[in-house]
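Visitor: To start, I am sharing the structure in question, which I have written as structure tokens.
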Amino acid sequence: MNNIFSFSKKPIYLKSFIEWKHIYFLYFVLLLIVLNILGGGISFIIKESFNISHKMVSGNDVFRTIKMLLFAPVSEELIFRLILKENKKYFYVSGIMCIFLIIISIYTQYTAFLYSSSILIIIFLLYITQYKLKRNIYSIKNYKYLYWGSIIIFSLAHGVNYIFPNRLTILLTPLIVLPQFLGGIVLSYLRVKFGIKYSIIFHFFVNFL
């Protein structure tokens, strides 16, 4: 845990990955369980205290299960964490995934349109900054903003999943999405240190919990 949070304090761009060891699997699963309990407990108290409810996903149980356990981990990792490693193709993949979410949200009349279109704009601006304006967002000076920006946006984007009784309670969103924020720290570490497939796998476990 110390390695994760010490790296998160001063995240730096890593060109290569660390070799994965099987013992890490148990460690990260246990860590995510602990963080999910802590963050989830605080989130639950806030939601119950202020009468904030979770939106029901349309469709049958099978559809909701597939969305939560398969589609969400893959799509969210490709959107929020793929570009934590530098490659032009990663920006294209993230952008295409955002466009796909926009199309789906229009078809299903789901609020994903708002945040997916906003994130698409952010990804486009980051691409322009990196490759057209030639300002290195992966430098030691700038990388921490990219790293933490992805975590914060990832967690706040989950605020669209809730129904707020009034506008004032929307300000409680950072506390409500605390599980996603804490989970995002671990998932970002996994993506940068070990690769995108590991962040997807453990994102699945987060949603399963």
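The values are calculated or read from the model by the stated rules, or taken from the named source; none is laboratory data. Keep in mind the model is a prediction, meaning the values are calculated, not measured. Cβ atoms come from the backbone with ideal geometry, glycine included; neighbour counts cover every protein chain shown. These area figures cover heavy atoms from the full protein model, side chains too; ligands, DNA and RNA do not enter into them. Shrake-Rupley method; radii C 1.70, N 1.55, O 1.52, S 1.80 Å.
Visitor: Which residue pairs have Cβ atoms closer than 8 Å, lie 6 or more positions apart in sequence or on different chains, and pair a first residue in segment 31-43 that is in contact (Cβ under 8 Å) with a residue 24 or more places away in the chain and of a type in the set (Ser, Thr, Tyr) with a second residue that is open to solvent by less than 20 Å² (accessible area, probe 1.4 Å) and not in a helix (DSSP H, G or I)?
Guide: Listed by first residue and then by second, the contacts come to Ser43/Val177.
Visitor: In the set Ile23, Ile37, Ile52, Ile46, which member is open to solvent by 60 Å² or more (accessible area, probe 1.4 Å) and closer than 30 Å to Pro165 by Cβ?
Guide: Only one candidate passes the filter, namely Ile37.
Visitor: In addition: Working only within segment 127-151, note down all residues that are among the β-branched types (Val, Ile, Thr), outside any loop (DSSP other than H, G, I, E, B) and exposed (fewer than 14 other Cβ atoms within 10 Å of the Cβ).
Guide: Ile128
Visitor: Restricting to segment 163-193, name every residue that is open to solvent by 30 Å² or more (accessible area, probe 1.4 Å) and touching a Leu at 6+ places or on another chain (Cβ under 9 Å).
Guide: Phe164, Pro174, Leu178, Gln180, Phe181, Leu182, Lys193 - these are the residues of segment 163-193 that are open to solvent by 30 Å² or more (accessible area, probe 1.4 Å) and touching a Leu at 6+ places or on another chain (Cβ under 9 Å).
Visitor: Return yes when Leu114 is closer than 27 Å to Phe63 by Cβ, surrounded by fewer than 15 Cβ atoms within 10 Å (Cβ to Cβ) and touching a residue at least 40 places away in the same chain (Cβ under 8 Å) and no when it is not.
Guide: Against the criterion (closer than 27 Å to Phe63 by Cβ, surrounded by fewer than 15 Cβ atoms within 10 Å (Cβ to Cβ) and touching a residue at least 40 places away in the same chain (Cβ under 8 Å)), Leu114 qualifies.
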